[in-house]
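Structure first, commentary second.
The values are calculated or read from the model by the stated rules, or taken from the named source; none is laboratory data. Keep in mind it's a predicted model, so treat the numbers as computed, not measured. FYI the Cβ positions are ideal-geometry reconstructions off the backbone, even for glycines, and counts take in every protein chain you see. Ligands, DNA and RNA are stripped out before the accessible areas are found, and what is left, the full protein with its side chains, is counted by its heavy atoms. Shrake-Rupley method; radii C 1.70, N 1.55, O 1.52, S 1.80 Å.
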Amino acid sequence: MDQHSGSQAVFNGIKVADFSWVSVGPRTTEYLAEYGATVVRIESATHYDALRMAAPYSQNKPGINSSCLYARFNVNKYGATLNLNHPKGVEVAHRFVKWADIVVESFTPGVMKRWGLSYEELVKIRPDIIMLSTSLHGNYGPSAQSPGFGIHLTSLAGFTHLVGWADRPPIPIFGAYTDAIAPRFQIVSLVAALNYRRRTGKGQYIDSSQLETSLQLLSPLFLDYQVNRRTAARKGNRSDHAAPHGVFRCRGEDRWCAIAVSTDDEWKAFRKVLGDPGWANSPKFATFLGRKRNEDELETQVEEWTKKFTAEEVMKQLQEAGVPAGVVATGEDVYGDPQLFHREHFTKLSHPEMGAYPHERSAAILSDSPGRLNRPAPCLGEHNHYVYTKLLGMSEEEFSELLNEKTFE
């Protein structure tokens, strides 16, 4: 069951014991798994990853092995179960630590320590171990013990305050937005730690605050407040630097096109595409400031034009004229995108319970050390025998004994 037989994947030979759950941790280790690392997802059979019961489900049938979200973030990984509350559970976990190069966990700070699996304990087992702990607020501070998920953190970080119309309440962003940010910082941190260990022989501990990683995307707004005491506010789809700037209804049911006109040259090109109508020549639209002052009327006039065409036609006409525009794509549009098809962005995998399904590969294609999608996300405990007997080196007798003692539940 070699993961990347004959491959030159960049993380070949790296072994990861992944105790994390839900999204941020598994998304981080997914990068490692796709590029050659041997990653073992370690869950409890009685308190399994909550993401296993998250919709949508394959064929709309709920089940612990049919969540499309779980499948998305756990490709190429082995699945093992272990009860860390069992008298022998922590002893088995120590064997994972001895085997691994990297240990990842995403529990509320203090949980791993109570199990005897803190970094201070892990280095006694493997001195050069690299450990990543990822949590909402980091491992110390007045909010460190606050539990929660990315949907809560998205608001705490300030994103929700910015989404919606100026005269209406804020609108939550779809999904746990911060869960898509933190893994990018964490995989870079792990690569840096691996490089440091290669040069020095020393491992290290990485304390990742998902709040602090997410704030990086709002840095300009924080700087504006620090310097000008100006607080960013909701403005719908509008921009301080473009007009028109928004999504406009097109021909067809629920079809839209995003348009952004930032410069006078783009405005001239935009008018030309529209046939230079009389309203566009009004003095109130002659300058950028005029277009901003009369933005409601401007948007009404623009949508009267876009409604005559399909979203694709609007995009094509404007793009050919050098005006930024893009179809507001549905999931069906994205899956059928010829550009993504040409680059083989979606790869078919065959899952024991979900059957054949499309899986996204990483957006980065490394020319000399490519990533591969070889195996779907594991069913709960699917690889227990292989993991414990082949990777950890247990005898068949010991494996059977621990299995009968319910250590793997």
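Over all Cα atoms in the range 206-335, the spread is summed up by Rg and Dmax: 17.8, 61 Å. Listed peptides 222-228, 254-260 appear in the order 254-260, 222-228 once ranked by packing, highest mean of other Cβ atoms within 10 Å at the front. Paramagnetic label reach from Trp279 (point 7 Å along Cα→Cβ; backbone nitrogen cut-off under 20 Å): within the range 229-256, residues 237-239, 242-252, 255-256.
Could you pull out the pairs from Lys88/Lys113; Lys88/Lys202; Lys77/Lys390; Lys98/Lys202 whose alpha carbons sit more than 22 Å apart here? Where the Cα-Cα span goes over 22 Å, the pairs concerned are Lys88/Lys202.
In this simple spin-label approximation, Glu396 and Tyr140 carry label points 7 Å from Cα along the Cα→Cβ vector, and these lie 5.1 nm apart.
For the range 306-369, which whole-number percentage of the solvent-accessible area (1.4 Å probe, protein heavy atoms only) is attributable to carbon and sulfur atoms? The partial results should precede the final answer.
Values: 2270 of 4140 Å².
Roughly 55 percent, rounded to a whole number.
Put simply, the amide H of Leu82, placed in the peptide plane, has neighbours under 5 Å in Glu43, Ser44, Ala45, leaving out anything fewer than 5 places away on its chain. Using only the C-alpha atoms, the convex hull of the range 1-96 corresponds to 103 Å³ per residue.
When shorter helices are ignored and each DSSP H run of at least 4 residues is given -39500 (n - 2.57), the per-residue value for the chain at 222 nm works out to -9500 deg cm²/dmol.
The accessible-area ordering, largest first, of the residues Tyr335, Tyr196 stands as Tyr335, Tyr196, per a 1.4 angstrom probe.
Put a dot 7 Å past the Cα of Gln317, heading toward its Cβ, do the same for Asp333, and the two dots end up 1.7 nm apart.
Full extension of the segment from Glu120 to Met53, taken as 0.36 nm per residue of separation minus the current Cα-Cα distance, would add 20.8 nm. Determine which residues of the range 45-66 fall in the zone a paramagnetic label at Ala356 would reach in this model, i.e. backbone nitrogen under 19 Å from the point 7 Å along Cα→Cβ. In the range 45-66, the label zone of Ala356 (backbone N under 19 Å from the point 7 Å along Cα→Cβ) covers 58-60. From most to least packed by mean Cβ count within 10 Å, the peptides 163-174, 31-42, 83-94 give 31-42, 83-94, 163-174. Taking 0.36 nm per residue of sequence separation and removing the Cα-Cα distance, the Thr300/Cys68 pair yields an extension gain of 79.5 nm.
Find the accessible area per residue for the chain; the probe is 1.4 Å, ligands and nucleic acids are left out, and the unit is Å².
On a per-residue basis, the chain sits at 51 Å².
Computed from phi, the 3J(HN,Hα) profile of the range 100-117 under the Karplus parametrisation 6.51, -1.76, 1.60 (θ = phi - 60°) reads 8, 8, 10, 10, 10, 9, 9, 7, 4, x, x, 5, 4, 5, 5, 7, x, 10 Hz, with x in place of Gly and Pro. Once backbone amide H atoms are built at 1.01 Å from N, Leu132 has Val103, Val104, Glu105, Ile206 as its partners under 5 Å, excluding neighbours fewer than 5 places away on the same chain.
FRET efficiency for the pair Gln8 and Lys348, taken as 1/(1 + (r/R0)^6) with r the Cβ-Cβ distance and R0 = 22 Å, rounds to 0.40.
For the chain, relative contact order (Cα pairs under 8 Å, six or more residues apart, normalised by length) works out to 21 percent. Could you name the lysines whose alpha carbon sits less than 22 Å from that of Lys268, not counting residues in the same chain fewer than 8 places away? Result set, ordered by chain and number: Lys284, Lys292, Lys307, Lys308, Lys316.
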